[in-house]
Every structure is written in structure tokens, then in C-alpha cells.
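Asker: Have a look at the structure that comes next, please.
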Amino acid sequence: MTSPLVYARLKSAPVAVVATLSMLLAGAGVASATQPAQATATQPAASQARAAASAPLTNLSHLNFLLDTVPLNAVDGHTTYQIGEHPAAQAPWTYANKNADGSYTRVGGGSKDPATGYWSQGAFNADDIARTAVVYLRHWQQTGDASSRTRAFDVLRELTYLQTTSGPNAGNVVLWQQADGTLTPSAKPVELPDPSDSAESYWLARTVWALGEGYAAFKSADPQFAAFLQSRMDLAVASLNKQSLAKYGKYDIADGAKVPAWLITGGADASAEAVLGLSAYSKAAPDDGAAATALSRLTEGIAAMSSGSVQQWPFGAILPSTQTRTLWHAWGGMAAAAVANASPLLHRPDLLTAAVKDSAQFTPQLLAAGGPDNAWSPAPGEAQIAYGVDSRVEGLVATAKAANAPGLLDVAAVAAGWYFGANRSGKPAYNPATGTAIDGIETDGRVNPNSGAESTIHTLLSMLTLDANPELKAKALGISSTAGTDGLKVAEAESGTITGGAVVKAASAWTGEANWSGGAYVALNAGGTLKITVPASDQARNAYPIVNQRPEAAGTTSWTSGGTFLGTTPNGGAGEQGITATPGKLFPFSLDRALPAGQDSLTAKAGSDVSIDAVLLQPQISSVSVSGSAGQSTLYISAAPGSTDRKVDMPQGFHLSQQAFDASGQPVTPGPDQNGADHSGRVTVAPGGFTWVTLVHN
């Protein structure tokens with residue numbers, strides 16, 4: 001489990017040996033991200049990859065190991081299905097630390113009191129219990145596995161025990177529980193809300209997710225249990241209707257922008273996980289008007305958090321929180337999947353646009369910038385965890401289906417390759433022989449070798465998705481190495497030459513809404529200049545200066561490169577602070593013109609005092625090259641205003657097989673030499689779209 005209020009990097013951990021998937025999935029070679037890697041795949045290797053793809057990837061062994069029996073004690077306001085006959089249930093331990101011998105030790109949250117045996121948080125938590133139920137439910141529905149049905153039943157009994165059934169907090173959920181069954185409403189360190197069932201929460205949203213998928217699964221298999229789950233869904237929806245959903249139709253102000261006031265805990269992240277459950281539930285219970293209304297309103301609010309465009313940060317991502325306009329994070333990043341699932345059910349194709357932009361425009365840029373980072377705040381550079389990878393994979397697959405956008409499945413294969421070695425560590429992050437998953441990879445490639453509940457759960461959700469989509473699965477299994485990336489990069493302002501200003505080391509990198517990149521910025525006085533040297537490139541790049549925009553009007557800063565005027569950024573004018581933590585916003589602003597090819601510097605001239613953090617540089621054609629048993633391929637991604645050709649080096653005896661997609665993931669109508677086999681080494685990328693290219697032997 002990860003705190004929703006903390007976006008810290010993973011704790012330092014020694015690089016561990018992660019079990020390899022198999023020799024069949026070993027990576028092959030390294031290539032420049034501006035060209036497809038050298039083709040080395042043989043026909044036997046391709047046959048072996050197909051054979052590997054036919055075996056199930058989903059292995060529940062480690063999740064089963066995390067489960068423990070939990071006594072269900074008699075407590076006012078807490079009961080569950082058949083508690084008299086079965087006064088115990090099952091829940092997963094929160095963490096699992098890897099031992100030197102390769103085994104794991106189950107661990108609770110926080111510190112352990114040696115006298116009482118209690119954890120300062122607890123052994124089990126509702127977030128992981130709810131998502132564990134979803135894994136078993138989906139596995140049972142997908143495979144017919146009877147043991148998964150039994151475990152889903154028992155874990156749902158445990159989850160509903162944590163839901164408060166009476167009093168002013170009825171419908172809300174207690175987060176933590178000790179190994180002896182004692183509830184911990186107030187954990188240490190303090191988490192909000194405190195007590196944890198005193199208001200709506202992420203764990204209430206996830207409870208709705210599990211209840212919805214649980215009801216749909218048990219409706220026919222066990223109508224009596226399904227009716228119990230339905231009663232708890234009614235309780236949860238009634239609670240939401242008294243809290244966030246009571247504000248439906250109202251808007252808050254966040255640094256001058258209108259944001260929906262009715263999202264759960266003010267977030268598209270929490271709301272999305274509730275929507276996943278409400279979608280499943282509403283399909284199975286179409287006559288439940290209260291649930292249908294909640295589904296419609298939450299989905300509408302999530303879609304309203306769509307932000308940016310192809311050439312405007314954050315490039316179409318659905319922002320997770322109403323309280324910041326400059327932080328995107330993958331924790332709870334199921335927004336695209338939620339909207340894609342709900343919009344057809346609601347007959348609201350207009351809402352689907354948000355999922356398409358997040359999947360077809362933002363996610364390819366995320367991958368080209370170095371992979372599925374856990375946060376952009378607003379600059380990339382965070383650790384990568386299974387939660388973030390799974391949210392990309394599930395969002396891409398769901399959106400591809402809802403929008404009939406097959407190109408998104410190519411992007412999904414690249415994202416899923418993270419599990420099989422196409423990541424910063426170069427090692428598999430999942431072992432299908434044991435069902436274990438690493439807890440994350442740092443920016444420098446260091447691996448956290450532990451395998452806690454959250455990482456295990458979301459890895460298994462990805463594996464279930466791959467098992468359910470054989471063609472995608474085969475393509476993802478064929479990707480085991482990232483040969484190279486060429487995408488969004490950061491040029492720090494403090495590295496530049498300053499006239500009329502100074503470098504300021506921030507007291508804290510975190511502003512309350514975003515992070516100062518590198519923990520420092522340049523305070524430039526009116527009339528001062530800042531020249532930032534950057535590596536030259538053979539193509540034009542979009543530049544996004546990150547400026548701390550003040551609330552009041554305050555003039556502009558002009559940006560040039562050589563003799564080219566690129567545009568201006570506002571020093572002020574952010575507008576009313578509203579519900580955000582600090583006045584103003586640290587934001588990457590778009591310029592009118594791209595940095596021309598060959599230019600190696602940008603110069604800012606301040607019209608008034610301004611704080612400049614950095615400049616984001618985005619190739620107009622970004623790329624990510626991957627390799628493995630299926631050969632070598634490159635995804636080219638456009639941030640250009642028009643159709644663009646890129647010439648790539650092509651070995652003698654090979655040709656390019658390419659398929660171009662537009663900014664919505666739809667296939668581009670083939671033109672001469674545009675799609676299919678190409679011997680010229682020319683790759684064509686649609687404006688704002690992407691092209692999947694594979695190097696093939698003639």
C-alpha cells in the first residue's frame with residue numbers, strides 16, 4: 001500500500017537478482033532510439049515465443065502466500081456475511097520482504113510493537129483487501145477456477161467487515177486491521193481521514209470496486225451472497241451521495257481553473273476505481289438507479305479532468321487530483337480504464353474522448369520519456385512501480401476496445417514489456433513461475449526486490465489482461481529489453497548562464513502542488529537573462545519552460561534560440577488559488593515555435609521578476625525501441641503539427657514493416673509507401689499520432 005499523499009521515491013534498496021522469465025524471453029542487442037534495432041530474431045525463437053504465450057501468465061501462488069486468516073471480532077458497527085457460522089476470513093498482508101535465501105517474510109504497515117505484536121498501522125488494509133478480491137474474482141470468471149471463487153468469497157467477507165454499518169459513518173470503511181482482528185481506525189503516522197471511516201476515502205472507492213465486480217460475479221453463482229453484496233453497495237453509494245456526490249454540478253477553483261467538486265476525495269484517481277466497480281455492478285443490476293446515477297456523475301467528473309493536448313502539457317493525461325494542475329501520478333491511475341468501461345454503458349461517447357487522449361497521446365509520450373514513471377511533477381523522473389504499469393496496460397486495452405482503436409494495443413505491448421525486462425533494470429519484474437513481482441525500480445535502475453500486496457495485485461491484474469488477449473500477450477512476451485528511448489527531457493535552469501538573477505535552493509523541493517526539478521530554480525530579475533545550453537538535435541523540439549506563475553498579472557518572459565524568437569511565457573496571471581495548497585502554479589508552458597534542429601541553447605529575458613525551474617524538451621518525433629524474442633521494433637510518436645517523415649538507417653537485406661495511427665489510435669489510411677513494407681528507410685508519422693515499425697528480413 002502507498003500513501004495517496006506521498007509521492008516519494010522508493011527507499012534505497014540493493015540491486016537484487018530477479019528471477020528471469022525464461023531463456024526464451026532474453027533481450028537481444030541495443031539500438032539507438034532513432035532507428036529500429038538490428039533484427040536478430042530467428043524463426044525458432046518466434047515459435048518458442050508463441051509457445052510461451054499459450055501458457056497462462058497469471059500465477060496466484062504468491063498472492064495466496066500473502067493471505068492469512070483474520071478473526072472477525074464482535075464490534076459495534078462491524079459485521080459481515082455469515083459471521084456467526086464463520087467468525088474468520090482471509091486478508092493479504094500488506095508487505096512481503098525478500099530474504100537472503102529468496103523466501104519472503106510477510107510484514108505489516110509501520111513499526112511493530114514487540115510487547116503487543118501490533119503494527120503502528122496494521123497487518124492488513126482495506127485498499128489491498130479490495131483489490132485482492134478483484135484479482136480472485138477476475139481469475140475465477142476468466143478461468144472457472146473454484147479455489148479463486150472460494151478465496152474471492154472469503155476476502156469479500158473480510159472487506160465488508162471493515163465497512164461501518166451504523167452511525168454517522170455508515171457506509172465508510174476502516175482502513176487498517178491487526179493480525180488478531182483488532183481494528184485500527186487511527187493509524188500512526190496519521191492518515192486522512194482520521195479515524196479512517198470518518199469520511200469518504202480511497203479505501204471506500206476501492207471497496208465499491210470490489211463490491212461491484214463481486215456482485216456481478218456472484219449474481220447467478222450465489223444469489224444470497226450477491227444480495228448481501230448489493231446491500232453493502234447500497235450502503236456505500238448512500239454514503240457517497242451524502243458526501244462528494246452531494247456536490248454534483250458544483251465546481252471549485254484551482255489556480256484559476258474550474259474543477260469538478262464532486263469527485264471522491266477530490267480525485268479522478270479514487271473516483272476511477274469506484275467507477276470500475278459501478279460499471280460492473282450496473283451491467284449486472286441495470287435497474288439500480290442510484291448506482292447508475294453515481295456512475296454517470298463520477299465518470300463525468302473524471303473526464304472533466306482531461307488536460308492538455310499534443311503540444312500542451314500534460315499532453316492529454318487525465319489529471320488525478322483537483323487540488324493541483326501540475327502533478328500527474330500513476331498511483332490510482334485507472335482513470336482511462338474507468339472512463340473507457342463506463343462511457344459505452346452510459347451511452348456517452350463524448351466522455352470517451354478523455355480516455356482516448358490519455359491513452360493515445362499521453363501514454364506514448366510517457367513511454368518515450370523513459371517508461372511508466374510513477375509521477376510527473378511536472379518534470380518526469382520518478383520511480384516505476386507495477387501499479388503505474390498496470391494502469392497503463394488496462395487503460396490502453398479498455399480504450400482500444402471502447403474506441404475501436406487497434407493502435408493502442410501496440411502501445412499496450414510496449415507498456416507490458418516492463419514486466420518482462422523492458423525496464424530500467426533490464427531484468428524481469430515478474431516471475432510467472434512463482435507469481436512474485438518486484439516492488440519497483442528506481443530512476444537509476446536499482447530494484448526493490450520485495451513483493452508486497454499492491455505490486456503483486458497490480459501485476460496479476462496485468463497478467464489477467466494479457467491472458468485474456470492472446471495476440472497482445474504474444475506481442476508483449478516478445479518484448480524483453482528497451483533498446484533506447486528518445487523523448488521528453490529536462491534542462492535545468494540552474495545549469496544556465498545568469499545575468500541579473502541567482503540560483504535559489506528551495507527549502508523543500510515539494511511546493512505542496514508540484515516539485516522544483518532538481519530542488520532549485522533561477523530567480524530572474526526584471527530585464528535579466530538566462531541562457532540554458534542543451535544538446536543539439538537533428539530534429540526540431542518543442543520547448544516547455546517551467547515557470548512559477550504568480551496569481552496576479554505580472555508581465556511575460558521572452559524566449560529565443562539563436563536568432564529565432566520562440567514565444568513568451570507568463571510570469572503571472574494564474575488566477576485565484578482556490579482549493580490548491582499554494583498560490584500560483586509551477587507549470588510547463590508551451591511556446592509558439594519549436595526549437596529549430598541543430599540549435600543548442602535557449603535564452604530567456606524577463607519582462608518582470610520571475611522564477612524559472614527548467615525547460616522540458618520534447619522531440620517532435622519521440623521514439624521508444626524495444627527488442628526480444630519477437631524481434632526489434634520502434635514506436636515513433638508525434639508532437640508535430642503536421643505529418644512527418646523520419647529517415648532511419650536500415651541494414652542491407654531488410655525492410656520496414658510499419659503501421660501508422662492517428663492521434664486517436666485509429667489506423668491511418670495507407671498512402672504510397674506509408675504503411676506495410678517499405679524499403680526506403682522512411683517512417684511516416686501522423687500529426688499527434690504514432691507509428692509502429694518493425695525491421696524485417698527480406
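Residue-wise test of (1) over 25 Å from Ala335 (Cβ atoms); (2) in a loop (DSSP other than H, G, I, E, B); (3) touching a Phe, Trp or Tyr at 6+ places or on another chain (Cβ under 7 Å); (4) not small (Gly, Ala, Ser).
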| site | (1), (2), (3), (4) |
| --- | --- |
| Ala199 | no, yes, no, no |
| Trp209 | no, no, no, yes |
| Glu213 | no, no, no, yes |
| Phe218 | yes, no, yes, yes |
| Gln224 | yes, no, no, yes |
| Phe228 | yes, no, yes, yes |
| Arg232 | no, no, no, yes |
| Ser239 | no, no, no, no |
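Asker: With the requirement that a residue be among the hydroxyl-bearing types (Ser, Thr, Tyr), within 16 Å of Val389 (Cα to Cα) and part of a loop (DSSP other than H, G, I, E, B), what does region 407-435 give you?
Answerer: In the first step, residues of region 407-435 are kept if they are among the hydroxyl-bearing types (Ser, Thr, Tyr); the result is 419, 425, 430, 434.
Narrowing the set further to residues that are within 16 Å of Val389 (Cα to Cα) leaves 419, 425, 430.
Ser425, the sole residue that qualifies.
This table checks each residue for (1) crowded, with 24+ Cβ neighbours inside 10 Å; (2) in contact with a Ser or Thr (Cβ under 6 Å, 6 or more places away or on another chain); (3) of a type in the set (A, V, I, L, M).
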{"residue": "Gly109", "(1), (2), (3)": "yes, yes, no"}
{"residue": "Lys112", "(1), (2), (3)": "no, no, no"}
{"residue": "Ala115", "(1), (2), (3)": "no, no, yes"}
{"residue": "Asn125", "(1), (2), (3)": "yes, yes, no"}
{"residue": "Ala130", "(1), (2), (3)": "yes, yes, yes"}
{"residue": "Leu137", "(1), (2), (3)": "yes, no, yes"}
{"residue": "Gln141", "(1), (2), (3)": "no, no, no"}
{"residue": "Arg149", "(1), (2), (3)": "no, no, no"}
{"residue": "Ala152", "(1), (2), (3)": "yes, no, yes"}
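Residues are listed down the side, and each one gets a yes or a no for (1) within 22 Å of Ala170 (Cβ to Cβ); (2) among the hydrophobic types (A, V, I, L, M, F, W, C); (3) surrounded by fewer than 18 Cβ atoms within 10 Å (Cβ to Cβ); (4) in contact (Cβ under 8 Å) with a residue 60 or more places away in the chain:
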{"position": "Pro223", "(1), (2), (3), (4)": "no, no, yes, no"}
{"position": "Gln230", "(1), (2), (3), (4)": "yes, no, no, no"}
{"position": "Met233", "(1), (2), (3), (4)": "yes, yes, no, no"}
{"position": "Ser239", "(1), (2), (3), (4)": "yes, no, no, yes"}
{"position": "Ala246", "(1), (2), (3), (4)": "yes, yes, yes, no"}
{"position": "Ile253", "(1), (2), (3), (4)": "no, yes, yes, yes"}
{"position": "Gly256", "(1), (2), (3), (4)": "no, no, yes, yes"}
{"position": "Pro260", "(1), (2), (3), (4)": "no, no, no, yes"}
{"position": "Asp269", "(1), (2), (3), (4)": "no, no, no, yes"}
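Asker: (1) in contact with a helix residue (DSSP H, G or I) (Cβ under 6 Å, 6 or more places away or on another chain); (2) β-branched (Val, Ile, Thr); (3) over 30 Å from Thr684 (Cβ atoms): which one isn't true of Val624, the others all being true?
Answerer: Every condition holds for Val624 apart from (3).
Asker: Looking only at region 360-396, which residues are closer than 11 Å to Ala415 by Cβ and either free of Cβ contacts under 8 Å to residues at least 24 places away in the same chain or among the charged types (D, E, K, R) (or both)?
Answerer: If the condition is that a residue be closer than 11 Å to Ala415 by Cβ and either free of Cβ contacts under 8 Å to residues at least 24 places away in the same chain or among the charged types (D, E, K, R) (or both), then Asp390, Arg392, Glu394 are the ones that fit.
Asker: In this structure, does Ala170 turn out to be small (Gly, Ala, Ser) and in a loop (DSSP other than H, G, I, E, B)?
Answerer: Working: small (Gly, Ala, Ser): yes; in a loop (DSSP other than H, G, I, E, B): yes.
Yes: the conditions hold for Ala170.
Asker: Given Ser306, Ser198, which one is surrounded by fewer than 18 Cβ atoms within 10 Å (Cβ to Cβ), modelled with pLDDT of 95 or more and either more than 20 Å from Ala338 (Cα to Cα) or not hydrophobic (A, V, I, L, M, F, W, C) (or both)? Give the steps one after another, and end with the answer.
Answerer: On the way: Ser306 fails: surrounded by fewer than 18 Cβ atoms within 10 Å (Cβ to Cβ).
Only one candidate passes the filter, namely Ser198.
Asker: While we're on this one: Looking at (1) in a helix (DSSP H, G or I); (2) of a type outside the set (D, E, K, R); (3) under 26 Å from the mean Cα position of the chain (by Cα), can you tell me which one Ala246 breaks?
Answerer: All conditions are met except number (3).
Asker: Let me ask something else about it. Scan region 436-451 residue by residue and report those that are assigned to a loop (DSSP other than H, G, I, E, B) and out of contact with any helix residue (DSSP H, G or I) (no Cβ under 8 Å at 6 or more places or on another chain). Talk me through it step by step, then tell me what you get.
Answerer: If we filter region 436-451 for residues that are assigned to a loop (DSSP other than H, G, I, E, B), which is where we start, we get 438-439, 442-446, 449-451.
Glu442, Thr443, Asp444, Gly445, Arg446, Pro449, Asn450 - these are the residues of region 436-451 that are assigned to a loop (DSSP other than H, G, I, E, B) and out of contact with any helix residue (DSSP H, G or I) (no Cβ under 8 Å at 6 or more places or on another chain).
Asker: For region 580-609: of the residues being among the hydrophobic types (A, V, I, L, M, F, W, C) and either in a loop (DSSP other than H, G, I, E, B) or under 29 Å from the mean Cα position of the chain (by Cα) (or both), which is surrounded by the most Cβ atoms within 10 Å (Cβ to Cβ)? Outline the logic, then answer.
Answerer: Applying the first criterion (among the hydrophobic types (A, V, I, L, M, F, W, C)) to region 580-609 yields 581, 586-587, 589, 591, 594-595, 597, 602, 604, 606.
Right, trim to either in a loop (DSSP other than H, G, I, E, B) or under 29 Å from the mean Cα position of the chain (by Cα) (or both) and you get 581, 586-587, 589, 591, 594, 597.
Details: Ala581: 12, Leu586: 27, Phe587: 22, Phe589: 20, Leu591: 21, Ala594: 23, Ala597: 13.
Looking at the filtered set, the residue picked out is Leu586.
Asker: If I filter region 275-286 for residues that are of a type in the set (Val, Ile, Thr) and within 22 Å of the chain's Cα centre (by Cα), do I get at least one hit?
Answerer: Here is the first cut: in region 275-286, the residues of a type in the set (Val, Ile, Thr) are 275.
If we keep only those that are within 22 Å of the chain's Cα centre (by Cα) as well, we get 275.
Checked region 275-286: at least one residue is of a type in the set (Val, Ile, Thr) and within 22 Å of the chain's Cα centre (by Cα).
Asker: Would you please list the contacts, defined by Cβ atoms under 8 Å and residues six or more apart or on different chains, that run from a residue in region 663-690 that is on the phi < 0 side of the Ramachandran plot and part of a loop (DSSP other than H, G, I, E, B) to a residue that is modelled with pLDDT under 95 and small (Gly, Ala, Ser)?
Answerer: If the second residue must be modelled with pLDDT under 95 and small (Gly, Ala, Ser), the pairs left are Pro670/Gly676.
Asker: Which is within 28 Å of the chain's Cα centre (by Cα) and of a type in the set (Ser, Thr, Tyr), of Thr182, Thr164, Thr160, Thr150?
Answerer: Values: Thr182 fails: within 28 Å of the chain's Cα centre (by Cα); Thr164 fails: within 28 Å of the chain's Cα centre (by Cα); Thr150 fails: within 28 Å of the chain's Cα centre (by Cα).
One residue alone meets the criteria, Thr160.
Asker: For region 62-75, give me each residue that is of a type in the set (S, T, N, Q) and in a loop (DSSP other than H, G, I, E, B). If you could, list the steps in order and put the result at the bottom.
Answerer: Within region 62-75, the first condition is being of a type in the set (S, T, N, Q), and the residues that meet it are 64, 69, 73.
Once the filter is applied, which keeps residues that are of a type in the set (S, T, N, Q) and in a loop (DSSP other than H, G, I, E, B), region 62-75 yields only Asn73.
Asker: crowded, with 24+ Cβ neighbours inside 10 Å, in contact (Cβ under 8 Å) with a residue 24 or more places away in the chain, over 17 Å from His62 (Cβ atoms) and within 17 Å of the chain's Cα centre (by Cα): is that true of Ala422 in this structure? Let's see the steps before the verdict.
Answerer: Details: crowded, with 24+ Cβ neighbours inside 10 Å: yes; in contact (Cβ under 8 Å) with a residue 24 or more places away in the chain: yes; over 17 Å from His62 (Cβ atoms): yes; within 17 Å of the chain's Cα centre (by Cα): yes.
When the stated conditions are applied, Ala422 passes them.
The rows are residues; the columns are (1) of a type outside the set (Gly, Ala, Ser); (2) under 21 Å from Asp592 (Cβ atoms); (3) free of Cβ contacts under 8 Å to residues at least 12 places away in the same chain.
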site	(1), (2), (3)
Ala507	no, no, yes
Thr511	yes, no, no
Asn515	yes, no, no
Ile532	yes, yes, no
Asp538	yes, no, no
Ile546	yes, yes, no
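Asker: Follow-up question, since we're still on this one. Any chance region 566-581 includes a residue that's free of Cβ contacts under 8 Å to residues at least 24 places away in the same chain and farther than 18 Å from Gln311 by Cα?
Answerer: no
Asker: Here's a follow-up. Being surrounded by fewer than 23 Cβ atoms within 10 Å (Cβ to Cβ) and in a loop (DSSP other than H, G, I, E, B) is the requirement here; does Thr485 meet it? Walk me through it before giving the result.
Answerer: Numbers: surrounded by fewer than 23 Cβ atoms within 10 Å (Cβ to Cβ): yes; in a loop (DSSP other than H, G, I, E, B): no.
So Thr485 does not fit the description; no.
Asker: Within region 182-202, which residues are small (Gly, Ala, Ser), under 19 Å from Thr116 (Cβ atoms) and out of contact with any strand residue (DSSP E or B) (no Cβ under 6 Å at 6 or more places or on another chain)?
Answerer: Pass one, region 182-202, residues small (Gly, Ala, Ser): 186-187, 196, 198-199, 201.
Add one more test, that the residue is under 19 Å from Thr116 (Cβ atoms), and what stays is 186-187.
Residue satisfying the conditions is Ser186 alone.
Asker: To continue, here is another question. List pairs: first residue in region 450-475 and under 18 Å from Val411 (Cα atoms) and basic (Lys, Arg), second residue surrounded by 24 or more Cβ atoms within 10 Å (Cβ to Cβ) and at pLDDT below 95 anywhere in the structure, Cβ distance under 8 angstrom, at least six positions apart or on different chains.
Answerer: Going by the 8 Å Cβ cut-off, the qualifying pairs are Lys475/Ala630.
Asker: List every residue pair whose Cβ atoms sit under 8 Å apart, with the two residues 6 or more apart in sequence or on different chains, where the first one lies in region 291-310 and is within 19 Å of Leu366 (Cβ to Cβ) and the second, anywhere, is surrounded by 21 or more Cβ atoms within 10 Å (Cβ to Cβ) and of a type in the set (D, E, K, R).
Answerer: Ser306/Lys357; Ser306/Asp358; Ser307/Arg325; Ser309/Lys357
Asker: Same structure, new question: Does Ser296 qualify as being within 24 Å of the chain's Cα centre (by Cα), surrounded by fewer than 24 Cβ atoms within 10 Å (Cβ to Cβ) and over 23 Å from Gly573 (Cβ atoms)? Outline the logic, then answer.
Answerer: Numbers: within 24 Å of the chain's Cα centre (by Cα): yes; surrounded by fewer than 24 Cβ atoms within 10 Å (Cβ to Cβ): yes; over 23 Å from Gly573 (Cβ atoms): yes.
For Ser296, the condition - within 24 Å of the chain's Cα centre (by Cα), surrounded by fewer than 24 Cβ atoms within 10 Å (Cβ to Cβ) and over 23 Å from Gly573 (Cβ atoms) - is met.
Asker: What's the number of the only condition in (1) out of contact with any Pro (no Cβ under 8 Å at 6 or more places or on another chain); (2) surrounded by fewer than 24 Cβ atoms within 10 Å (Cβ to Cβ) that Tyr636 fails to meet?
Answerer: Among (1) out of contact with any Pro (no Cβ under 8 Å at 6 or more places or on another chain); (2) surrounded by fewer than 24 Cβ atoms within 10 Å (Cβ to Cβ), Tyr636 violates only (2).
Asker: Output the number of residues of region 491-524 satisfying the condition of being buried (at least 21 other Cβ atoms within 10 Å of the Cβ), hydrophobic (A, V, I, L, M, F, W, C) and touching a helix residue (DSSP H, G or I) at 6+ places or on another chain (Cβ under 9 Å).
Answerer: Qualifying residue count for the region: 3.
The values are calculated or read from the model by the stated rules, or taken from the named source; none is laboratory data. The shown structure was predicted, so the numbers you read here are calculated from the model rather than taken from an experiment. In this analysis, Cβ positions are derived from the backbone assuming ideal geometry, glycine residues included, and neighbour counts consider all displayed protein chains.
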